[in-house]
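Notes for the one structure printed next.
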Amino acid sequence: MIVYDTRTRTAGRYTCTVRATIVCAILAAVATGAGEDSLARDMLAAHNAVRATVKVPPLVWSDNLARVAQEWANTLLEKKQFVHRPKSKLGENLYQIEGAKSTPKEVVDRWASESTNFNYKSNKCHGVCGHYTQIIWSGTKEAGCAVARGGNREVWVCEYNPPGNYVGQRPY
């Protein structure tokens, strides 16, 4: 996100005077693009590492799902909420943290830690495991994720298509 103040324009680590607006805009676009590519690469790698442990095919990144995730993450941050998008036709994992920063790997590892609550033989969850089962759902083909940051809070959202977690069905 690019934040502007009244005297200078700040984009990521670049601070520019009003006279250098064009150069600043170019640097901001490069910085933002690199950050988005890094987020996509790191989130996808973390998801696919978990999927590999149960031998399901890797996910592919969806820029469209990432845009949906970013819009919802921004909404949750702005409204100070932490709820799933109502009536969504996508699978969705949410994560938030206050007073610290997370990495894509930390977020996915947190969701994947729910694997200890899932019993494959009985296809039952003992506690919370829906984030984990969404990650490993074999029918899911693509994912897109985003993070919104403000104050001391981060909200992470991943969207999945097709969704998983159908009652009575095995994830793989």
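The values are calculated or read from the model by the stated rules, or taken from the named source; none is laboratory data. Bear in mind that the values here come from a model prediction, so they are computed numbers and not experimental data. Don't worry about glycine lacking a Cβ; one is built from the backbone with ideal geometry, like all the others, and counts go over all protein chains shown. Ligands, DNA and RNA are stripped out before the accessible areas are found, and what is left, the full protein with its side chains, is counted by its heavy atoms. Shrake-Rupley method; radii C 1.70, N 1.55, O 1.52, S 1.80 Å.
Worth pointing out:
- When every residue of region 13-31 is checked against the conditions, none turns out to be part of a helix (DSSP H, G or I), open to solvent by 80 Å² or more (accessible area, probe 1.4 Å) and at pLDDT 95 or above.
- Strands (runs of 3 or more DSSP E) fully within region 67-172 that include at least 2 residues being over 19 Å from residue 53 (Cβ atoms), out of contact with any helix residue (DSSP H, G or I) (no Cβ under 6 Å at 6 or more places or on another chain) and open to solvent by 60 Å² or more (accessible area, probe 1.4 Å): 91-98.
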